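Here is the structure we will look at, set down as structure tokens.
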Amino acid sequence: MQGIRLLALAIPLALTTTLMLLPTQAQELSSIRFNIFGARREITLGSDLGIFANRGLQVEQFTTQSSELQAQQLLDGTWDITGADADNYVYWTQDFDADFFIFMVARGTQDNHFWVSRDIQSWEDLRGKVIAADSAYSGQTSMIRLMMQDHGLQIDRDYTFLPVGSNRLPAILDGRAVGASAGSATASSDAARDGLVHILARGPDYLPAYPANPYATSRRWATAHPDQLLSFIGAIIDTKAFLLDPTKEQEAIASIMRTDQVDAQRAGELYRQSVSAIGDISTDTQVAEDMIQLVEDMRADVGLMERPTPPPSKFVTPVWYELALRLRGAR
């Protein structure tokens, strides 16, 4: 509750501070240390087009190979803002009393499937086996627990997790594990093409909707740097509005060609995918609180959280986005 009270105090201050500190071209850029598993379009495009710089920010992007390490470093203050599976933030906030909160999260679809080695042909084949995981207690392993439970398999009794960070496919190929949750891009890997791995179950069959592109920070950092947080959110809103503007299509495609080093045809495909995923820039769309309730329900269903579950407001708040949206109109 102390964190919530501090947050409530910080927001009026943020409004005054941000209006006073709207960036000018002569102003030195403030740095945001952002940690992520993979690049996000609004960050790469917004940085390339100078949208973050127009907000007085320079985003330093760092990649991680482990959600557990990323969360610990966010807690320690190594990172200002991170992007990860929403389940990770719920886990750390609930189980370790971390002062994290999600300030943006969209409604998306489950992109991960349960990939297994070629000798695994049925659920019964998984008894006594090891499943590679990023974390054994959050993220995509919650979905694996749900799938296993649906087929009568229980963690520790019938199977175990081997935490390997993002090296899940290599763990299958070198024999340390027989399966893992992995993204749809795995279908394009040499291992899939050679028949070394295949899909046993598809994520969307169990979770048709899933939180997309969460952004989170700590309440301590938000309280200490309200102007930077609002500018960061404002730049994301600006970038998404840019992508949604049909008159900016060619500029956006040219930017994607530069940042992704792809040809015009591929850049056009990536542009259209990005536009389709945005929907609109309203608070309800960009801070989908019901997606966090979905995560809580999933964790409760597999025994990782007790019922009744906390209100989603413990883990996500729309107030920062709403304020950034209002400030955008004041610029």
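For segment 70-107, taking the residues that are touching a helix residue (DSSP H, G or I) at 6+ places or on another chain (Cβ under 9 Å) and part of a loop (DSSP other than H, G, I, E, B), the one that is surrounded by the fewest Cβ atoms within 10 Å (Cβ to Cβ) is identified as 77.
Checking every residue in segment 280-298 against the condition of being touching a residue at least 12 places away in the same chain (Cβ under 8 Å), under 27 Å from residue 144 (Cα atoms) and in a loop (DSSP other than H, G, I, E, B) gives at least one match.
Kindly establish whether residue 275 is touching a Leu at 6+ places or on another chain (Cβ under 8 Å), modelled with pLDDT of 95 or more and within 30 Å of residue 131 (Cβ to Cβ). Write out each step before concluding.
Details: touching a Leu at 6+ places or on another chain (Cβ under 8 Å): yes; modelled with pLDDT of 95 or more: yes; within 30 Å of residue 131 (Cβ to Cβ): no.
Answer is no for this residue.
Of 67, 117, all but one fail to be surrounded by fewer than 23 Cβ atoms within 10 Å (Cβ to Cβ) and among the hydroxyl-bearing types (Ser, Thr, Tyr); the exception is 117.
Taken over segment 156-181, residues that are touching a residue at least 60 places away in the same chain (Cβ under 8 Å) and in contact with a Lys or Arg (Cβ under 6 Å, 6 or more places away or on another chain) amount to 2.
Let me confirm something: among 180, 212, 216, which residue is more than 25 Å from residue 42 (Cβ to Cβ) and either outside any helix (DSSP H, G or I) or at pLDDT below 95 (or both)? Before you say what the answer is, go through the steps one by one.
On the way: 212 fails: more than 25 Å from residue 42 (Cβ to Cβ); 216 fails: more than 25 Å from residue 42 (Cβ to Cβ).
From the options 180, 212, 216, the qualifying one is 180.
Give segment 183-209 a look and list any residue that's assigned to a loop (DSSP other than H, G, I, E, B), more than 18 Å from residue 138 (Cβ to Cβ) and touching a residue at least 60 places away in the same chain (Cβ under 8 Å), or say none.
Initial filter on segment 183-209 (assigned to a loop (DSSP other than H, G, I, E, B)): 189, 194-196, 207-209.
Within this subset, residues satisfying the condition of being more than 18 Å from residue 138 (Cβ to Cβ) are 189, 194-196, 208-209.
Result: 195, 196, 208, 209.
Restricting 145, 55 to residues that are surrounded by 17 or more Cβ atoms within 10 Å (Cβ to Cβ), in contact (Cβ under 8 Å) with a residue 12 or more places away in the chain and in the same structural domain as residue 296 (by TED's automatic domain parsing) narrows the list to 55. Every residue in segment 184-205 that is surrounded by 16 or more Cβ atoms within 10 Å (Cβ to Cβ) and within 19 Å of the chain's Cα centre (by Cα), please. 186, 203 - these are the residues of segment 184-205 that are surrounded by 16 or more Cβ atoms within 10 Å (Cβ to Cβ) and within 19 Å of the chain's Cα centre (by Cα). Those residues that are under 31 Å from the mean Cα position of the chain (by Cα) and assigned to a helix (DSSP H, G or I), I need them from segment 114-134; list them, please. Matches in segment 114-134: 123, 126. The one condition from (1) of a type in the set (Val, Ile, Thr); (2) out of contact with any Lys or Arg (no Cβ under 7 Å at 6 or more places or on another chain); (3) closer than 24 Å to residue 288 by Cα that residue 63 does not meet is (3).
Going by the conditions given, is residue 307 touching a residue at least 24 places away in the same chain (Cβ under 8 Å), out of contact with any strand residue (DSSP E or B) (no Cβ under 9 Å at 6 or more places or on another chain) and over 15 Å from residue 89 (Cβ atoms)? Judged against the criteria, residue 307 is not a match.
The values are calculated or read from the model by the stated rules, or taken from the named source; none is laboratory data. Here the structure is a predicted model, which is why all the values come from computation and not from measurement. Positions of Cβ are backbone-derived with ideal geometry, glycine not excepted, and every protein chain shown enters the neighbour counts.
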